[in-house]
Amino acid sequence: MRTVFITGASSGIGAACAEVLASEKKYRLLLCARRLSKLTELQKRIQAQNPDCEVFCFELDVRDQSDIIQKLKNLPNDWKDIDILINNAGLSQGLDLIQNGDPDDWDRMIDTNVKGLLYVTKHTIPLMQESTHPHIINLGSIAGKEVYPSGNVYCATKHAVDALTKAMRIDLLEKGIKVTSIDPGMVETEFSEVRFKGDKERAKNVYNGLTPLSGKDIADIISFVLSRPAHVNINDLLVMPTAQASGTIVKRDTL
Ligand SMILES: NC(=O)C1=CN([C@@H]2O[C@H](COP(=O)(O)OP(=O)(O)OC[C@H]3O[C@@H](n4cnc5c(N)ncnc54)[C@H](OP(=O)(O)O)[C@@H]3O)[C@@H](O)[C@H]2O)C=CC1
Ligand SMILES: CC(=O)[C@H](N)C(=O)O
């Protein structure tokens, strides 16, 4: 069984990855997020459908480096050999022109999407030493390839993930760790509700008149990436809703 460590597993793409990988009977799951209750609900769902799937959940805020160190140190010994890290935890806060942006929003995005990914990676790599086929998958974004109006800092954080993925692939070559970036377009998860701070109407409007991707669409792709033989790595995979030609060009059904 390969041990997969998924950050941000309490909803959306992370939760979908947990469910898809559990169903393949090849993985055991190490899941973290800030909402432990959501993680335990997910664990119950997964183990109801896959009774033999081992799942270990723990509460973690990826922005807190000392908590990461402590939580990884305190893992049960049989969870300390990790094969796959999926750096999924991330968010956007607001959608404001830079001149109107809130520096607290900027801090949250940078601390979560960039520094959180770095902290988790730094402290997980030592736990991947024993793996025969170690793999790190970073959740990038179309926002890491293009910039869109008012996307400013969120786009900058995903551009940073794009650069860090390339850098990690170079630096970790000596350790034989595969590194992949998965870069989705619009995926209907809690993402927009988080971005708009609970404004469900505004979040729903993001996807009006088109079929966005689902968390499972991305999880299925990650499952494929992980299934490649040892000599094959998918470096970077941009995946969009058919209706979204680029970061800002979408085709919506007329009402
Ligand atoms: N949805 C989309 O359109 C796209 C999303 N992405 C990226 O995909 C990733 C997953 O997003 P998505 O599933 O859509 O969004 P969701 O909001 O549904 O999920 C985000 C996950 O990240 C976790 N998270 C957020 N902040 C922290 C933190 N500080 N510490 C630990 N976990 C945290 C949340 O858990 P909790 O709140 O319990 O801590 C949640 O489980 C993100 O990196 C996002 O940028 C990329 C392209 C498109
Ligand atoms: C594509 C994403 O990362 C996100 N949905 C966004 O609005 O930029």
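Tabulated results
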read-out	value
Thr3 long-range amide H proximity, modeled H, under 5 Å	Arg28, Asp83, Ile84
For the range 32-72, the Rg and Dmax computed from alpha carbons only, in angstrom	11.9, 35
Net lengthening on full extension, Leu173/Glu130 (0.36 nm per residue, minus Cα-Cα)	13.9 nm
Cβ-defined net charge surrounding Met1, 12 Å radius [Lys, Arg +1; Asp, Glu -1]	-2
Highest-first arrangement of 223-236, 186-199, where packing means the average Cβ count within 10 Å	186-199, 223-236
Charge context of Ser181, other residues only, Cβ under 13 angstrom, K/R +1, D/E -1	+2
Dimensionless Rg/Rh of the range 1-103 - Kirkwood Rh, Rg from C-alpha atoms	1.05
Shape of the range 137-208, Cα gyration tensor, a/c cut at 1.5	prolate
Accessible area expressed per residue, the range 1-93, with surrounding protein chains retained (probe 1.4 Å, Å²)	42 Å²
Whole-percent carbon and sulfur share, accessible surface of the chain, 1.4 Å	54 percent
Column: log10 I(q)/I(0), Debye, Cα scatterers of the chain, q = 0.14, 0.16 Å⁻¹	-0.94, -1.24
Local electrostatic count at Thr248 - Lys and Arg +1, Asp and Glu -1, tallied over other residues with Cβ under 13 Å	+2
Relative contact order %, the range 2-239, counting alpha carbon pairs below 8 Å whose residues are six or more apart	21 percent
Extension gain (nm, one decimal) between Lys44 and Thr211, 0.36 nm per residue minus Cα-Cα	57.2 nm
Accessible heavy-atom area order of Leu173, Leu238, highest first, probe of 1.4 Å	Leu173, Leu238
Probe 1.4 Å, protein heavy atoms only - accessible area per residue of the range 183-255 in square angstrom	57 Å²
Burial ranking of peptide ranges 93-105, 18-30, 56-68 (average Cβ count within 10 Å, highest at the top)	18-30, 56-68, 93-105
Chain lengthening between Asp96 and Ser23 when straightened (0.36 nm per residue, less Cα-Cα)	22.3 nm
Heavy-atom accessible area per residue - the range 100-164, 1.4 Å, Å²	40 Å²
Estimated FRET transfer efficiency (Asp81, Ser150; beta-carbon r; R0 30 Å; 0.05)	0.10
Per-residue ³J(HN,Hα) for the range 152-169, Karplus 6.51 cos²θ - 1.76 cosθ + 1.60, θ = phi - 60°, Hz, x for Gly and Pro	3, 6, 4, 4, 4, 5, 7, 5, 5, 4, 4, 5, 5, 4, 5, 5, 5, 4
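The values are calculated or read from the model by the stated rules, or taken from the named source; none is laboratory data. Predicted, not measured: the structure shown is a model, and the values here were computed from it. When we count neighbours, we look across all protein chains shown, and the Cβ atoms used for this are built from the backbone with ideal geometry, even at glycine. These accessible areas exclude ligands, DNA and RNA; they are computed on the full protein's heavy atoms, side chains included. Shrake-Rupley method; radii C 1.70, N 1.55, O 1.52, S 1.80 Å.
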